[in-house]
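Undergrad: Could you have a look at this structure, given as structure tokens, before my questions?
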């Protein structure tokens, strides 16, 4: 057998092997097409950045402004492109029916999302995450939010009471007075820690 013939025979064998490998891979993907699609979709699914509520490329757009409802407290606001994902900053019970009120504005009532944070044992931590926004995505299909889970897709519609922003984020602490009346106070320190955090480790 000449060298040329040997090379041709080797090449034919390699071709047949590659063909059968690709055939097996294709057959396996066909059998597991649902799992394959799920895996591929996770590769392109947006993920939260260091600011927890938005993808990393949008975190730098967030700014802090005074909360007009409370002296000395702050809100995080941003103008983000339509359709951008908003993520849950923590684990907890989600409500998509709250109405956020900003006084001294022609349109003072706005929709959004409220998350009552829970610990690993499903006990309240007394922390509330409030996100004022118009949801472009489909209606919420869950009552419990997981940290990093997409909870909304932003609309272009602005929260005009606060300026040219379509997302407002606030953090609040829930407590009770001596008569068990519920008191909600702004937790601007935790808000700043979340927004400006360099390393957002699990609580």
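Quick note: the coordinates plus some simple rules give every number you see, no bench work behind them. Fair warning: this is a prediction, and the values are worked out from it, not measured in the lab. All Cβ positions, glycine included, derive from the backbone under ideal geometry; neighbour counts span all protein chains shown.
Undergrad: Please give the contour-minus-distance gain from residue 155 to residue 192: 0.36 nm per residue of separation, less the Cα-Cα distance, rounded to one decimal in nm. Intermediate results must be reported in sequence, preceding the final value.
TA: On the way: separation 37, 0.36 × 37 = 13.32 nm, distance 2.46 nm.
Full-extension gain reported as 10.9 nm.
Undergrad: Taking the Cβ of each residue in 114, 14, 154 as the centre, tally the other Cβ atoms inside 10 Å and list the residues starting with the fewest.
TA: Details: 114 20, 14 10, 154 23.
Exposure proxy ranking, most exposed first: 14, 114, 154.
Undergrad: Could you please rank 177, 67, placing first whichever residue has the fewest other Cβ atoms within 10 Å of its Cβ? Could the numbers behind the result be given before it?
TA: Details: 177 8, 67 18.
Ordered from fewest to most neighbouring Cβ atoms within 10 Å, 177, 67 come out as 177, 67.
Undergrad: Right, something else. Seen from all sides and averaged, what is the projected area of the convex hull of the Cα atoms in region 45-195, in nm²? Don't skip to the answer; put the middle values down first.
TA: Values: hull surface 37.7 nm².
If I average the Cα hull's projected area over directions, I get 9.4 nm².
Undergrad: Want the number for residue 96 to residue 136: 0.36 nm per residue separation, take away the alpha-carbon distance, what's left?
TA: Details: separation 40, 0.36 × 40 = 14.40 nm, distance 1.29 nm.
Computed gain between residue 96 and residue 136 is 13.1 nm.
Undergrad: Put a dot 7 Å past each Cα toward the Cβ at residue 69 and residue 109; how far apart are the dots in nm?
TA: Here the modelled spin labels are 1.4 nm apart.
Undergrad: Hey, fewest Cβ within 10 Å first, where do 113, 93, 86 land in order? Before the final figure, lay out each step's value.
TA: On the way: 113 23, 93 14, 86 26.
The order, fewest Cβ neighbours first, is 93, 113, 86.
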